[in-house]
Amino acid sequence: MTDHDDTTHLLSRRAALRLGIAGGIAGLGLPHLLGKPALAQGAAATAAAREAAKKAPAGRVVVGITQEPTVLNPLMLKIEVDDGVHFSLFDALFRIGPDGVITPNLAAAVPTQKNGGISQDGLNWRVRLRDGVRWHDGKPFTAEDVKYTLELITKPNFRAWRTAGHSLLRDITVVSPTEIAWRMEKPFAPYLSFLTETFIVPKHVLETAADPNTADFNKAPVGTGAFKWGKRTAGDNLELVANRDYHGEGPYIETLVFKYIPDLTVFYTQFKSGDIDLTGQVYITPDNYKEAKTLPNKVVTLVPRQTIEGIHFNLEKPQFKDLAVRQALYAAIDRAAIIDALYYGVPSATESYMPRSSFYFNDKLPVQTFDVKAARRLLDEAGWKPGRDGIRAKDGVRLSFNNTTTSGDHLREQVQQFLKQSWADIGVEMNIANLPAAVLWGDVWAKSQFDTVISGVVFMVASDPDVTNRFHSRAIGAKGGRGSNTTQYSNPEVDALLDKGTATFDPEERRKIYTRVQELVRHDLPFMPLYQVTAVLGHKKSVQGFVPNSNTRTESWNAAGWSRAG
């Protein structure tokens with residue numbers, strides 16, 4: 001194929017994409033820790049009126065989500081859609097707002113080196129707790145619950161979601177019912193951010209279970225959050241009810257419902273019809289944005305997210321051990337066509353796993369160039385030669401693999417068709433093997449039982465730049481590690497930098513470290529970044545108090561402050 005042929009093919013494909021589809025705010029800057037009041041969660045009203053509303057919560061809000069929550073114990077291995085339920089049922093010691101400010105939740109204050117809560121060397125921590133907090137079953141919340149939670153996470157047989165940071169705790173001491181202290185084996189700068197997503201569980205409930213992994217608690221959890229467990233209708237919805245004894249603001253609604261709608265076309269139709277009040281993950285698809293923003297009695301906004309959409313390799317598969325293969329596949333992607341034609345220009349192209357608004361974002365990474373000739377040349381030079389069927393092979397390994405994503409995501413399915421043709425043009429065979437969400441995001445993803453996956457991933461915790469959980473070789477679950485390094489990526493320099501980054505508190509020094517980590521990950525391509533997600537969020541005007549928060553993985557982070565008007 002000549003240069004002219006490549007260009008003509010590109011233009012015709014873009015045109016076909018556009019024609020075929022035509023039918024069919026908050027920043028993440030350098031986080032602050034203290035010095036501001038806790039973020040107001042609710043709608044504008046007088047304190048007296050809101051207190052009265054709390055005494056008599058009324059109405060319900062139906063949150064539409066595209067996947068069924070799978071894990072109700074907030075400490076266990078989970079998927080992002082579970083977070084909406086966890087934030088509503090449970091509390092953490094701290095929370096982080098849209099502005100990156102960390103404020104107290106179950107804690108009475110945020111410990112810092114300045115106020116003495118954290119020693120100057122970062123090793124000794126003391127946290128004061130709120131008094132008068134009660135579990136949903138009426139039992140008092142105390143420092144014993146915090147100690148139990150932090151110790152449970154690192155028990156060898158417990159299927160914890162994240163152990164990074166927690167594994168460094170030593171000498172956890174209950175000073176009093178409202179104060180706890182511990183020593184860190186070594187300084188770990190991200191730990192305060194990690195604690196904003198570490199929900200505290202009740203000792204008195206779980207310590208009696210023979211195995212916390214299979215405890216009854218995991219089916220009907222007891223928390224301290226603004227909502228209590230209600231009922232679950234398998235395959236349809238999950239219902240929570242107001243906790244009238246909640247220690248914080250709210251709740252102002254009586255019932256919070258998470259309704260599962262796997263098909264994204266049906267999802268949007270139910271938003272239009274009013275069957276759902278608020279769109280949760282994965283929100284309104286970009287192809288529906290133009291119409292959605294004109295719908296009566298709806299509020300539709302664009303909100304940048306931390307989520308990075310990309311194509312993830314399983315680097316232990318023989319096809320992908322060769323960097324030249326990964327580079328060639330990346331060069332053969334017409335990313336601009338995908339963003340413009342399939343996603344209507346809503347998301348932003350990126351080369352990093354770090355969101356653009358982060359203080360630590362590296363804006364000097366090499367920019368991917370769509371170049372079919374270069375892709376072919378890379379494969380030729382690396383010894384991947386076309387066979388009789390046109391598919392390249394080397395040392396007995398055919399350049400053929402499966403690509404998997406969530407069944408029913410029509411835009412990703414269109415991306416797959418585009419990729420399949422694009423890669424066929426360079427002698428690569430891609431087969432589509434999609435799975436239901438509950439299957440894909442279970443062992444297939446967590447234990448690296450895939451070839452390639454299209455996935456949106458939040459790599460950071462709150463606004464902290466640490467990505468040990470995603471890129472450190474210790475975090476490869478398929479090799480016995482504790483973490484979410486599902487690509488099985490291993491680079492000794494990255495490992496060393498991540499270890500250094502977690503022990504460094506100075507923001508400028510950390511920026512140098514994570515700038516280099518981004519350079520290495522971009523070079524090594526354990527995943528091919530497509531774009532940073534811009535979410536199209538929608539809710540009825542009658543739902544008040546909704547506040548987007550790009551520092552969390554869920555739209556329901558402040559459901560306690562939601563209310564219904566009229």
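So how many residues does segment 145-187 have that are touching a strand residue (DSSP E or B) at 6+ places or on another chain (Cβ under 6 Å), acidic (Asp, Glu) and surrounded by 14 or more Cβ atoms within 10 Å (Cβ to Cβ)?
1
Residues are listed down the side, and each one gets a yes or a no for (1) touching a helix residue (DSSP H, G or I) at 6+ places or on another chain (Cβ under 8 Å); (2) crowded, with 20+ Cβ neighbours inside 10 Å:
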{"residue": "Leu399", "(1), (2)": "yes, yes"}
{"residue": "Val415", "(1), (2)": "yes, yes"}
{"residue": "Asp443", "(1), (2)": "no, no"}
{"residue": "Gln449", "(1), (2)": "yes, no"}
{"residue": "Gly477", "(1), (2)": "yes, no"}
{"residue": "Asn491", "(1), (2)": "yes, no"}
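Within segment 464-497, can you find the residues that are closer than 14 Å to His312 by Cα and part of a helix (DSSP H, G or I)?
Arg470, Phe471
Hey, can you tell me all the residues within segment 527-566 that are among the β-branched types (Val, Ile, Thr) and under 30 Å from Ala337 (Cβ atoms)? Lay out the reasoning, then the answer.
Taking segment 527-566 and keeping what is among the β-branched types (Val, Ile, Thr), we get 533-534, 536, 543, 547, 552, 554.
The answer is Val533, Thr534, Val536.
Would you mention how many residues in segment 384-395 are in contact with a helix residue (DSSP H, G or I) (Cβ under 9 Å, 6 or more places away or on another chain) and exposed (fewer than 15 other Cβ atoms within 10 Å of the Cβ)?
So the count comes out to 3.
Return the residues of segment 179-209 that are within 25 Å of the chain's Cα centre (by Cα), polar (S, T, N, Q) and assigned to a loop (DSSP other than H, G, I, E, B); say none if nothing qualifies.
Result: Thr196, Thr198.
For the subset of segment 489-538 comprising residues that are basic (Lys, Arg) and in contact with a Leu (Cβ under 7 Å, 6 or more places away or on another chain), which member is farthest from Phe188 (Cα to Cα)?
Residues of segment 489-538 that are basic (Lys, Arg), as a first pass: 500, 510-512, 516, 522.
Narrowing further to those that are in contact with a Leu (Cβ under 7 Å, 6 or more places away or on another chain): 516, 522.
On the way: Arg516: 19, Arg522: 25 Å.
My answer is Arg522.
Is segment 70-84 home to any residue that is among the hydroxyl-bearing types (Ser, Thr, Tyr), more than 23 Å from Gly561 (Cβ to Cβ) and at pLDDT below 95?
At the first step, the residues of segment 70-84 found to be among the hydroxyl-bearing types (Ser, Thr, Tyr) are 70.
Right, trim to more than 23 Å from Gly561 (Cβ to Cβ) and you get 70.
Restricting the remaining residues to those that are at pLDDT below 95 gives 70.
Checked against the condition, which is being among the hydroxyl-bearing types (Ser, Thr, Tyr), more than 23 Å from Gly561 (Cβ to Cβ) and at pLDDT below 95, segment 70-84 yields at least one hit.
Residues that are aliphatic (A, V, I, L, M) and closer than 30 Å to Thr405 by Cβ, at least 1 per element: which strands (runs of 3 or more DSSP E) completely within segment 210-277 meet that?
On the way: elements: 227-233, 237-242, 255-260.
The qualifying strands (runs of 3 or more DSSP E) are 237-242, 255-260.
How many residues are within 22 Å of Phe217 (Cβ to Cβ), surrounded by fewer than 16 Cβ atoms within 10 Å (Cβ to Cβ) and not acidic (Asp, Glu) when one looks only at segment 122-144?
Of the residues in that region, 4 qualify.
May I ask you to list the residues in segment 509-566 that are over 22 Å from Gln67 (Cβ atoms) and assigned to a loop (DSSP other than H, G, I, E, B)?
If the condition is that a residue be over 22 Å from Gln67 (Cβ atoms) and assigned to a loop (DSSP other than H, G, I, E, B), then Leu525, Pro526, Lys541, Ser542, Gly545, Val547, Ala565, Gly566 are the ones that fit.
The values are calculated or read from the model by the stated rules, or taken from the named source; none is laboratory data. These figures come from a predicted structure and were not determined experimentally. Because the Cβ atoms are built from the backbone with ideal geometry, glycine has one as well, and the counts that use them run over all protein chains shown.
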